[in-house]
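Handing you this structure, nothing more for now.
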Amino acid sequence: MTSRDAAIRWLSDEYYEQNGEQFDVLENPPSGLEFSRLVHISRPVLIKGSRIPASTLWSDEYLIDSMGSRAISIAVTPNGLADAVTRGPDGRLYFVEPHVEKMTMAEFLSTISSGSASGSSDVCYLQSQNGNLYSSNDFEEGRGSESEFEPLRRDVPSDIPWCTEALGKSPDAVNLWIGDSRSTTSIHSDPYENVYTVVRGAKYFTLLPPTEGWCLNERTYPHATYTRCPSTSRLTLVPSTGTDEIRWSSVANPHIPGVLPRGAHPIHVTVLAGQSLYLPPGWWHHVRQSGGTTIALNWWYDTEMRGMSWVTLSFLRGIGEVPPGNDSVEEDAKQSQVIITS
């Protein structure tokens, strides 16, 4: 272990000694001042009593009627892992993005409601992100953006008042997520203040603080996408050309006991309908969903880059290049225990 690695492990252990695995639970949304204090502490908080129109209105029938024949972008994979490390048919590991297909809301909801029962190999997930409901343009005077989900905007506030007040800025993006238990979000961290609200169903988060990034075995992987084969209609992993390798964790299932190394202290949080999770920047998170249709929204606010916070987060992820994920036979053998094969 290098002196730098030893320092990171000391910092990780010290942080755990001071904070443990507990997280705050609020029975009602905070005021702007109360939330600013939570941002300063930078720990996850489960917030109950989130009341927005979508929570009471968004039945399948309402969504179908509201969206009508509008085409929406749906991520499709053979294994429910979009934006994740997957072993390709050539035996190499890739960071794979989903195939994207256009369908109506009625077609999409029918697909995910019948997918598990019918044994369909394709897994559909509405996860287009990047402000699929509201983008940063919507908060700039004289500008605006057209959303695929324009008819649903009336049911979702463009910002969260107590969050906007505390941070002194508007969201950078507001996103809609719809899927079922077959879709999983691989563990990663984001450079955002994130408020994640469940509208229907339940989300199961496995969280790790920024101080425990050392245990996630980040590597670089060649990029690939799923493409539908014209002759068979099956999804095939196709390596990309002319793209940079992607840095990503090689741990696929951190929620399973024994997968993370000793010294890791995962926090497990269940977020139910009507509840929100505040997730500070740099916190690692792996997300699963309940069996039925699960709907969630999240508001991303840009992280403050000034001061020490962002520099510290970058340091905790490591200095210098991380090794390639496909170079070592020994590493591949270890990863094969946790990486999904395409």
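A short reminder: the numbers here are calculations on the coordinates, not readings from a lab. These numbers come from a predicted model, not from an experiment. Using ideal geometry, Cβ is built from the backbone for each residue, glycine included, and neighbour counts are taken over all protein chains shown.
Quick one: if you stick a label point 7 Å off each Cα along the C-beta vector at R70 and T312, how many nm between them?
Taking the two extended label points, one gets 4.2 nm.
Thinking of the chain as a set of Cα atoms, what percent of all their pairs are more than 27 Å apart?
So the pairs more than 27 Å apart make up 48 percent of the total in the chain.
If you don't mind, another one. For region 272-286 and region 50-81, what is the centre-to-centre distance using only Cα atoms, to the nearest Å?
21
Trypsin sites (Lys or Arg not before Pro) within region 228-315: which are DSSP loop residues with at most 11 other Cβ atoms inside 10 Å?
In loop regions of region 228-315 (DSSP not H, G, I, E or B), the sparsely surrounded trypsin sites (Lys or Arg not before Pro) are R262, R306.
Order these by the 10 Å Cβ neighbour count, fewest first: L152, L46.
Placing the least packed residue first, the sequence is L46, L152.
Sticking with the crude label model, points 7 Å out along Cα→Cβ, report the distance from N130 to V25 in nm, one decimal please.
3.8
If you don't mind, there's one more thing I want to ask. Please report the net charge: other residues with Cβ closer than 9 Å to the Cβ of S147, K and R +1, D and E -1.
-3
Distance between Cα centroids, region 188-231 to region 1-45: provide it in whole Å.
Rounded to whole Å, the Cα centres lie 20 Å apart.
To the nearest 0.05, how large is the calculated FRET efficiency for S231 and D90 if R₀ is 25 Å and r is the Cβ-Cβ distance?
0.80
Please state the relative contact order of the chain as a whole percent: Cα pairs under 8 Å, 6+ residues apart?
Result for the chain is 25 percent.
Calculate, for A106 and R262, the FRET efficiency according to 1/(1 + (r/R0)^6) with r their C-beta to C-beta distance and R0 51 Å; round to the nearest 0.05.
The pair A106/R262 has a calculated efficiency of 0.55.
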